[in-house]
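Note sheet for the following structure.
The values are calculated or read from the model by the stated rules, or taken from the named source; none is laboratory data. For clarity, every value in this text was computed on a predicted model and none was experimentally measured. Quick reminder, even Gly has a Cβ in these numbers, built from the backbone with ideal geometry, and neighbours come from all protein chains shown. These area figures cover heavy atoms from the full protein model, side chains too; ligands, DNA and RNA do not enter into them. Shrake-Rupley method; radii C 1.70, N 1.55, O 1.52, S 1.80 Å.
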Amino acid sequence: MIVPENMKAAVLVAPGKFEFRDVPVPKLGHDDVLVRVTQVGICGTDIHMFHGRYAADALPIIPGHEFCGVVAAVGEGVKNVKIGTRVVSDINIGCGACYWCRRNEVLNCSEVTQIGIGRDGAFAEFVAVPSRLVIPAPDDVPVETLALTEPVGCVVRAAKKSQVGIGDSVVVLGAGPIGNLHVQMMRLVGAAPIIVFDLSEARCQAALAVGADIAVTDPAGLKDVVMRATDAIGADLVIESVGLVQLYETAFDLIRKGGHVAFFGITGPQDKLDVPILQTVLQENSLKGSVAAMGEDMHQALRLLVHGRFDVTPFTGAVYPLSDIQQAFDSLPSRPNDLKTQLRVS
């Protein structure tokens with residue numbers, strides 16, 4: 001595969017402003033691979049970056065981390081993948097040797113960076129990735145599906161962290177793209193009932209279509225619905241997938257005694273939550289954070305997608321060419337029914 005010296009890339013130069021530029025193709029280290037990007041999704045994190053609410057100190061940067069592509073070149077030390085291989089990729093780059101990396105808690109590594117967040121990503125024709133992070137993908141799976149591997153990996157990790165079990169009652173707060181994937185993940189692990197809350201009737205209907213048992217759009221009636229559906233016990237698990245302090249507070253009001261709150265939605269760095277210590281201790285309530293797929297989470301997500309365990313139809317209807325990235329981002333508020341927007345690169 002012939003690799004040019006320069007490539008087209010969408011550079012986020014300031015909050016709200018992309019520039020479509022010719023930039024040098026990334027240089028490869030000894031153990032890196034160069035991936036020719038075929039498809040890349042717009043993530044909620046990308047939207048936060050676009051609005052200046054996350055990783056603003058990294059600008060200017062080429063965002064994009066939900067991607068698939070084909071290996072175009074390899075570093076001298078690469079043995080695990082060949083040129084021409086179709087791949088998806090883990091995005092979390094740690095040192096690979098510390099306590100945190102050994103435990104697959106890479107975000108806690110002191111040297112961690114993330115593709116498309118801390119270093120240039122996949123809103124470009126090519127992206128450089130450490131070879132240990134790329135995962136070969138089947139040739140017969142659509143690129144629209146493969147580009148969902150990273151977000152699916154995120155809900156896979158959240159499910160494992162929460163230790164949800166068969167027959168556990170679950171509330172998902174937020175029925176946007178990641179909330180919809182949480183619903184599907186909960187269905188796969190055997191949770192019941194699955195209750196979803198969102199102010200959008202359309203997004204609630206989309207969640208019902210992929211496996212939610214009950215959908216609620218009225219905040220005032222949410223607790224009553226949860227209590228009726230759980231025989232007045234409360235939910236075993238509540239997943240906050242939006243990133244609002246008020247919803248985190250609501251989550252603790254919905255769990256049963258001994259229930260669990262999954263912290264998933266990203267808030268502002270200054271946001272805090274009051275947790276009643278004595279009640280938490282006496283009732284043995286629990287909480288745990290989870291955000292990014294890494295390591296085996298990505299492999300598991302790819303297997304689930306390859307074998308059709310997720311309904312990807314709601315996520316593949318809005319596709320823009322990379323050159324129209326500014327329009328794709330600017331139009332997001334006017335397209336609330338598009339759960340996912342993807343960019344076609346090559």
Residue hits (segment 236-263; part of a loop (DSSP other than H, G, I, E, B), touching a residue at least 24 places away in the same chain (Cβ under 8 Å) and open to solvent by 20 Å² or more (accessible area, probe 1.4 Å)) are Val242
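State the number of residues belonging to segment 118-150 that are part of a helix (DSSP H, G or I), in contact with a helix residue (DSSP H, G or I) (Cβ under 9 Å, 6 or more places away or on another chain) and either in contact (Cβ under 8 Å) with a residue 60 or more places away in the chain or open to solvent by 40 Å² or more (accessible area, probe 1.4 Å) (or both).
Residues flagged as part of a helix (DSSP H, G or I), in contact with a helix residue (DSSP H, G or I) (Cβ under 9 Å, 6 or more places away or on another chain) and either in contact (Cβ under 8 Å) with a residue 60 or more places away in the chain or open to solvent by 40 Å² or more (accessible area, probe 1.4 Å) (or both) within segment 118-150 amount to 5.
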Picking from Asp324, Asp338, Asp311, the residue that is out of contact with any Ser or Thr (no Cβ under 6 Å at 6 or more places or on another chain), without any contact (Cβ under 8 Å) to a residue 40 or more places away in the chain, surrounded by 13 or more Cβ atoms within 10 Å (Cβ to Cβ) and assigned to a loop (DSSP other than H, G, I, E, B) would be Asp338
Those strands (runs of 3 or more DSSP E) completely within segment 1-88 that have 3 or more residues that are surrounded by 14 or more Cβ atoms within 10 Å (Cβ to Cβ) and touching a Gly at 6+ places or on another chain (Cβ under 6 Å) are 32-41
Flagged pairs (Cβ under 9 angstrom, 6 or more apart or on separate chains; first in segment 274-296, closer than 23 Å to Glu105 by Cβ and free of Cβ contacts under 8 Å to residues at least 24 places away in the same chain; second open to solvent by less than 90 Å² (accessible area, probe 1.4 Å) and assigned to a loop (DSSP other than H, G, I, E, B)) are Val275/Asn285
Scanning segment 162-181 for residues that are touching a Ser or Thr at 6+ places or on another chain (Cβ under 6 Å) and part of a loop (DSSP other than H, G, I, E, B) gives Ser169, Gly174
Flagged in segment 70-88 as touching a residue at least 60 places away in the same chain (Cβ under 8 Å) and either closer than 19 Å to Gly121 by Cβ or among the β-branched types (Val, Ile, Thr) (or both), in numbering order, are Val70, Val71, Ala72, Ala73, Ile83, Arg86, Val88
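Within segment 97-107, can one find any residue that is at negative phi, touching a strand residue (DSSP E or B) at 6+ places or on another chain (Cβ under 6 Å) and assigned to a loop (DSSP other than H, G, I, E, B)?
No, segment 97-107 has no match at all.
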Of the residues in segment 193-209 that are among the aliphatic types (A, V, I, L, M) and either under 13 Å from Gly176 (Cβ atoms) or part of a helix (DSSP H, G or I) (or both), the one that is most open to solvent (accessible area, probe 1.4 Å) is Leu199
